[in-house]
Amino acid sequence: MPVLIATPTVVPAAGEPPKRIAEYVGRVNSKTAAVSIAHMKSPQGWTEPGQRPEFDEYTVVLAGCLRVEHEGGSMEVKSGQAVIASKGEWVRYSSPHPGGAEYVAVCLPAFSPDIVHRDVQ
């Protein structure tokens, strides 16, 4: 039988200034280890530490612009665009532009602090 996810769980976020992560599906809200789906809103100026995760991450930008730095440079992912970051690849996300960014991220397997491998600050 289908399972209704009535509300997300707001989970702590890395980076400054704080962003909002509303997890709908994942290890916290639905106890799902196979995939996580989260709606995120990051303010202008937000940046997080770089990471080399053990999951693939698929991100669709709904509004604003998300900067994605990688070992080969960086890219600006704008509203209506998407980006795929493969597991084992170093990336760093930020929202430097006015209005920040709103996006949905899907991680396979589900996001976990234990497998994100953030850079030491």
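The table below lists the values:
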| read-out | value |
| --- | --- |
| Cβ pairs under 6 Å, 6+ apart, first in segment 99-114 and assigned to a strand (DSSP E or B), second of a type in the set (Ser, Thr, Tyr) and at pLDDT 95 or above | Ala101/Ser42; Ala101/Ser95; Tyr103/Thr59; Ala105/Thr59; Val106/Tyr58; Cys107/Ser36 |
| Long-range neighbours under 8 Å by Cβ, at least six apart or interchain, first residue polar (S, T, N, Q) and surrounded by 14 or more Cβ atoms within 10 Å (Cβ to Cβ) within segment 6-22, second modelled with pLDDT of 95 or more and not in a strand (DSSP E or B) | Thr9/Val28; Thr9/Asn29 |
| Test: residue in segment 88-97 that is crowded, with 17+ Cβ neighbours inside 10 Å and under 9 Å from Phe55 (Cα atoms) | no |
| Residue within segment 52-60 that is open to solvent by 50 Å² or more (accessible area, probe 1.4 Å), more than 25 Å from Gln121 (Cα to Cα) and assigned to a loop (DSSP other than H, G, I, E, B) present | no |
| Members of segment 1-28 that are in a loop (DSSP other than H, G, I, E, B), in contact with an Asp or Glu (Cβ under 6 Å, 6 or more places away or on another chain) and closer than 15 Å to Ala105 by Cα | Pro8, Ala14 |
| Residue satisfying all of: in segment 61-94; within 17 Å of Thr47 (Cα to Cα) and of a type in the set (Ser, Thr, Tyr); farthest from the chain's Cα centre (by Cα) among these | Ser74 |
| Complete set of residues in segment 23-43 that are in contact (Cβ under 8 Å) with a residue 12 or more places away in the chain and surrounded by fewer than 15 Cβ atoms within 10 Å (Cβ to Cβ) | Ala33, Ala34 |
| Enumeration of residues in segment 29-46 that are in a strand (DSSP E or B) and not hydrophobic (A, V, I, L, M, F, W, C) | Ser36, His39, Lys41, Ser42 |
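The values are calculated or read from the model by the stated rules, or taken from the named source; none is laboratory data. Small disclaimer: the values here were computed from a predicted structure and weren't measured. Here the Cβ is made from the backbone with ideal geometry for all residues, glycine too, and neighbour counts use every protein chain on show. Just so you know, the surface numbers come from the protein's heavy atoms only, side chains and all, with ligands and any DNA or RNA stripped out. Shrake-Rupley method; radii C 1.70, N 1.55, O 1.52, S 1.80 Å.
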